[in-house]
Structure formats: structure tokens, C-alpha cells
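Data first, discussion second: the structure below is written as C-alpha cells.
The values are calculated or read from the model by the stated rules, or taken from the named source; none is laboratory data. Keep in mind that this is a model prediction, so the values were computed, not measured. The protein model used for the area step is the full one, side chains on, heavy atoms only, and it has no ligands, DNA or RNA in it. Shrake-Rupley method; radii C 1.70, N 1.55, O 1.52, S 1.80 Å.
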Amino acid sequence: MNRYLLVFLLFSALAFGQTISFAPAHNYYGGVGPIQAYVGDWNGDGKMDIASQAHYGDLNPAYVIAHLGNGDGTFQKYVSTTLDVVAAFHEYSVTAAHLRDGKQTDLLVYSNRWDVGAILQAYISQGNGTFSPGNDLPEGLDQGFPFLIAVGSFGNGHRDIVSLCCNFNPVGVEIWPGNGDGTFSEPLVIATVSETTIVYGIADTI
């Protein structure tokens, strides 16, 4: 059964004492078996675009459906990009983030594969709602699989990736320094924690 993204237009200002109302919903195709929705600027025109992550059956590759925004709350016909993950074999998650210098939003895909282990892939926006095939990031330093991932700038002027990685014990914090073009250098382990119970948090600065 097909699912749809629901888009609402906010008419009244968000202020104390004012009533908030919405226009009737516009329906947009979100793929078969949608999992999560994203908002970003896929083509760098300053207008918000939308996308959804979906997979049709666990044996089929996952994919992303994207609609470019017109700037007035309406969106263009969808385009799709197939991801290099299959739900039956790969536990995976998708994050929308700026991976390059510039305005376009890209996708960061993490997958935990039964045959090769954890992989991070950068899917670079092509400016038309589609994304390039995933580029594998350099492997981590044996700290296990990342369970928290964020993007920010950590002093080199480019977007970097930071993750909290766990191989059950210890837990490691890794940073992949960005090169500004959607590629990343070898990760650096900046901390390890031996305790099995920790309090943690990573903030996105995209």
C-alpha cells in the first residue's frame, strides 16, 4: 500500500496568544514502505525540499524519494535514488546533513552488515533531488559500530562527522575530518570509555 507525505501550510504567526491554523493538506508520494521523512535543501536554491526513506520488502534495496520545493509550500514531482542497503541483511539508518562546503544538503547512510561489519556512506546531492552512489568512508579504528552520528565543524573549516562507536566495551568517540567536497579523511579516535554504562549526547550543527 502506498503512503504519502503530508505537508501543511502554517498561516498564522507563531506568537503568544495567537491561534495556529493549517490549510488543507497536500499529498505527495512517499514511496512504498516509508520509514522516515526528511527536510533539506537538496538543490541549494534556498527553498526547503522534502524526502522520505523507504523499502518495499526486506529483500529489496532501500531507496529515497525526494520532492524539490517551490518555496510556497508546494513541491515538484518526485525523483528517487536507490541506496546500497537491503533491509534483510543490513541494519541501516539515514541522516540528512551538509557534508560539503556549500548550501546543498546530502545524505549520510550508516549500515551494519553481517558480512563486512559497519559502513558509513556519503550520498552527495546532484542538485535535482537525486543523490550520487554512496561513497564508503574510511573504516574506523576497531571501535565497533556507530550508534550516534552527527555532523559539525571541529576546527578545520569543513563539515566533519563525529560518532559514538561501541564494540560493547570500550566505547569510542571518533571524528572523520571533512575535506569540503563530500569526502573524509581517516577517522581519529579522540576518547574511549571502559564503563559499560555512560551518559552521552552529540549535537548536530548543520
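If DNA, RNA and ligands are ignored and the probe is 1.4 Å, what is the ranking of His67, His98 by accessible area, most exposed first?
Details: His67 5, His98 35 Å².
Descending accessible area places them as His98, His67.
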Give the shape of the stretch 18-94 as rounded, prolate or oblate, defined through the alpha-carbon gyration tensor: a ≥ b ≥ c are the square roots of its eigenvalues, a/c under 1.5 means rounded, and otherwise the shape is prolate if a/b is larger than b/c and oblate if not.
-> prolate
Per residue, how much accessible area does the stretch 30-113 show when a 1.4 Å probe rolls over the protein heavy atoms, in square angstrom?
-> 42
